[in-house]
2 protein chains.
Amino acid sequence: MKKNLCKGFSFSGVVSGLKKKSQKDLGLIYSEVPASIAGVFTKNRVQAAPVVLDRERIKIGVCRAVIANSGSANCCTGDQGMKDAIAEAKLAADGLNIYEELVVVASTGVIGKPLALDKIESAIPELVKSLSPGGINDFAEAIMTTDTVPKIVSSSGNIGGSGFTIAGVAKGAGMICPDMATMLCFVCTDAKASSGYLKKALASSVDKSFNRITIDGDTSTNDTILVMANGMSGASVKSRSEKEYFQELLDEVLMALARMVVKDGEGATKLVDVIVKGAASMSDAEKIAKTIANSNLVKTALFGEDANWGRIFAAAGRSGVEFDPGLADIFFDDVMMVKNGMGCGDAAEKEATKVLKKPEFAITVDLKTGKGKASVLTCDFSIDYVKINADYRS
Amino acid sequence: MKKNLCKGFSFSGVVSGLKKKSQKDLGLIYSEVPASIAGVFTKNRVQAAPVVLDRERIKIGVCRAVIANSGSANCCTGDQGMKDAIAEAKLAADGLNIYEELVVVASTGVIGKPLALDKIESAIPELVKSLSPGGINDFAEAIMTTDTVPKIVSSSGNIGGSGFTIAGVAKGAGMICPDMATMLCFVCTDAKASSGYLKKALASSVDKSFNRITIDGDTSTNDTILVMANGMSGASVKSRSEKEYFQELLDEVLMALARMVVKDGEGATKLVDVIVKGAASMSDAEKIAKTIANSNLVKTALFGEDANWGRIFAAAGRSGVEFDPGLADIFFDDVMMVKNGMGCGDAAEKEATKVLKKPEFAITVDLKTGKGKASVLTCDFSIDYVKINADYRS
């Protein structure tokens, strides 16, 4: 990202020693002035301490900094975990010389491992000192776990002659499933917007992005998406049309980040849009799309570049949705593989196999019944997924 | 199995050429006299032709033969598929010189592939000729797909001085999930029982066995469990105590077969009982146990022999059940890993790692809230699972 693009925000990421390997594991986002804040968190019944803390803190609608660590999820760590989350925020607040209530915390990594606060404390001076508008890449690296690339997206707009930027950073890789957002995502903008509006705008964007992706059907205890708006660009989001305009840009950023998260899914080699249309309702379409997108048999076939449409059909069939299998068509991109519930033969399969060799493509199931439509973004399920997850803690 | 143990039943299995490799792929079960029959079938919305046919045929409550093939599921094969299923039954009926209405059919294999009836027709004479009481092993082999071992269990009892046997054969390996039974399972007994009673007894046994296992969360379009009772032993199941006695034996056979199916799950190296107790209700316990048993992150950790209890906790948390994470205990066999929501430390982890090296063990989650208890049998998720399923059709 270009430097100074998102006015008043600075970022940093350092090595504190929380990760076994000497990799960046502690990140900081700082706004020169108090920013409006809104958040979306995991719906998992088991919630990490930082999630519990942030839910409370963002209620005041204002924030100045985010401290985020990888290497430990600070989850299932009991009362001590909550004390540690509060202490982690306070360390950042003291380093920045701001109120601790204006700092939120995010953690990712192994569940059940206590937070090594001493390591964080030692790293704070460097973390604060290295803050810079261009430090967003260091921050993105600091929150990575099994991610292979940092994920940063920005989008710029103009309201009333004032240019502004929305910049987002995310991490993903595993424990990703619809309805539970990603693990961590932070969005900063120098536009001015109320926290009430941000909350609605974020919910709407998340529904179109992070709630429509799946890597492994598992969902995290730490999922957090935060958006902060500090208003320093002078662009103010107030009128209905300005709100719609801002929403579009926010959608763009979150959808691009969500796509990056799936593309970098653990062991993933394919990025696949699962589209269901012609369903009796949108919710039916969604249920079927999610079941297909989460099916291990579908995902392993995608990895094997095998146009095994029978598995797609079988997954749709067990989604709990009533439909007439005799009406269903299935496509790989534009190649029709199934017409009215039956395979289209060897020539179609040959064409479909070409599609499957592509790194990105779409599977479309058309039930030809109603107007319900939904899509979910998924990846294939590879040998590396198993390797990564069998060895994660070792 | 000892010869002649299940009076009046004979079995065979031959190579017809339906499978690519020269392996047994066509099997026959024949009862000398009409047998009472009951069945349980897949709940998948997409159902194979033999499932649709059998549902109708067993309504009369009587049956004399089962013809079963691997190599093709005869699913998503349209009207032709139904004609083929009827023709497959007729070929067996003609060979055996019995009414075609008294023959049921089961198919397993790739979805969407038309049934090669000519191959089946050519194989019928040998299939009928080789029928023998001891041919059950050939039959068990003929229905295997990615199974690595044939699965046969028998149990004997005595009612009123007449000895009888219940013999069961199953195939599994993939597309196995609770609530959808296994792929194929056939149970024969020479006890006498009405089809009405058999139906109830089978439903009860399935609920304790095949509805409590999972390999990959995917469910098949062809799942079929049939039980046939021909009464030739002279033992008659009539009184309440006789019914309870028979039920116990039937449970024993189905539970043993279900266990064998999971043990031989695609790529499986571990057999794991997931037990949830202390839940507010049995249905809560069941939901949590199923979510844990189906979690890819839990299953890959089991493969990696990693006592990663955080993933078990996180899966419980996303099951949709309300519970207090701060009360939960987690055990690997008798080793307590989590007490009141927090890890028990390195010594416990060391002990748990020993448990994880065993081929069979239990994971117990105690929510310490109510009396709800349930268990689900699962296996680990290995690199071989992905290999098997990426390459299945090639």
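Toward the positive end of the charge dipole of chain B, with +1 on the Cβ of Lys and Arg and -1 on the Cβ of Asp and Glu, the farthest Cα among B:CYS188, B:PRO150, B:SER16 is that of B:CYS188.
Apply 1/(1 + (r/R0)^6) to the Cβ-Cβ distance of B:GLU126 and B:LYS357, taking R0 = 41 Å, and write down the FRET efficiency to the nearest 0.05. All intermediate terms of the calculation are to be shown ahead of the outcome.
Working: r = 46 Å, r/R0 = 1.13.
Plugging the Cβ-Cβ distance into 1/(1 + (r/R0)^6) gives 0.30.
Over the protein assembly as shown, the hull volume per residue, using the convex hull of the C-alpha atoms, is 148 Å³. In this Cβ point-charge picture (+1 for Lys and Arg, -1 for Asp and Glu), region A:45-91 has a dipole of about 180 debye about its Cα centre. The slack between B:GLU56 and B:TYR245, meaning 0.36 nm per residue of separation minus the straight C-alpha distance, is 65.1 nm. Between 0 and 90 degrees, the angle of helix B:346-356 with respect to the longest Cα principal axis of chain B falls at about 10 degrees. Diagonalising the gyration tensor over the Cα atoms of region A:203-353 and scaling each eigenvalue by 5 before taking the square root yields semi-axes of 35, 18, 15 Å, largest first.
For region A:301-392, the list of GluC sites (Glu not before Pro) that fall in a loop by DSSP and count at most 15 other C-beta atoms within 10 angstrom reads A:GLU322. Of the beta bridges in chain B, as assigned by DSSP with both residues counted there, near 70 percent are antiparallel.
Roughly how many debye, to the nearest 20, is the charge dipole of region B:87-141 about its Cα centre, given +1 on each Lys and Arg Cβ, -1 on each Asp and Glu Cβ, and no other charges?
Numbers: 4 positive and 9 negative charges, 21 e Å.
For this selection, approximately 100 debye.
Distances between copies of B:LYS200, taken at a point 7 Å out from Cα along the Cα→Cβ vector and listed shortest first: 5.9 nm.
Full extension of the chain between A:ALA116 and A:MET82 gives 10.9 nm of extra length, using 0.36 nm per residue less the Cα-Cα distance.
Taking each DSSP H run with n ≥ 4 as -39500 (n - 2.57) and averaging over every residue of the protein assembly as shown yields -10500 deg cm²/dmol at 222 nm.
Helix A:117-129 and the longest principal axis of the C-alpha atoms of chain A enclose an angle of approximately 80°.
Among B:VAL365, A:VAL33, A:VAL338, A:VAL103, what is the fewest-to-most ranking by other Cβ atoms within 10 Å? If you can, show how the numbers build up before the last one.
Details: B:VAL365 25, A:VAL33 12, A:VAL338 22, A:VAL103 28.
Exposure proxy ranking, most exposed first: A:VAL33, A:VAL338, B:VAL365, A:VAL103.
Antiparallel versus total DSSP beta bridges in region A:271-390: what percent is that, nearest 5? Walk me through the numbers before you get to the answer.
Working: 16 of 23 bridges.
Taking every DSSP beta bridge with both residues in region A:271-390, the antiparallel ones total about 70 percent.
DSSP assigns beta bridges within the protein assembly as shown; of those with both partners inside it, close to 70 percent run antiparallel. Rg ratio for chain B: its Cα radius of gyration over 2.2 N^0.38 Å, N being its residue count, equals 1.02. The angle between the Cα long axis of helix B:195-208 and the main principal axis of chain B comes to about 30°, on a 0 to 90 degree scale. Using Cβ point charges alone (K and R +1, D and E -1), the dipole size of chain B about the Cα centre works out to roughly 420 debye. Each other copy places its own label point for A:GLY163 at 9.2 nm from this one, sorted shortest first, where the point lies 7 Å along the Cα-to-beta carbon line. Overall dimensions of region B:271-390, expressed as equivalent-ellipsoid semi-axes from the Cα gyration tensor (√(5λ), whole Å, largest first), are 22, 17, 11.
Mind listing which trypsin sites (Lys or Arg not before Pro) in region A:1-99 are in a DSSP loop and have 11 or fewer other Cβ atoms within 10 Å? Of the trypsin sites (Lys or Arg not before Pro), the ones in loops of region A:1-99 whose Cβ has at most 11 other Cβ atoms within 10 Å are A:LYS2, A:LYS3, A:LYS20, A:LYS21.
Values in this text are rule-based calculations from the coordinates and carry no lab data. On a predicted model such as this, the values are computed, not experimentally measured, just so you know. Cβ coordinates were reconstructed from backbone atoms using ideal geometry, including for glycine residues, and neighbour counts include every protein chain displayed.
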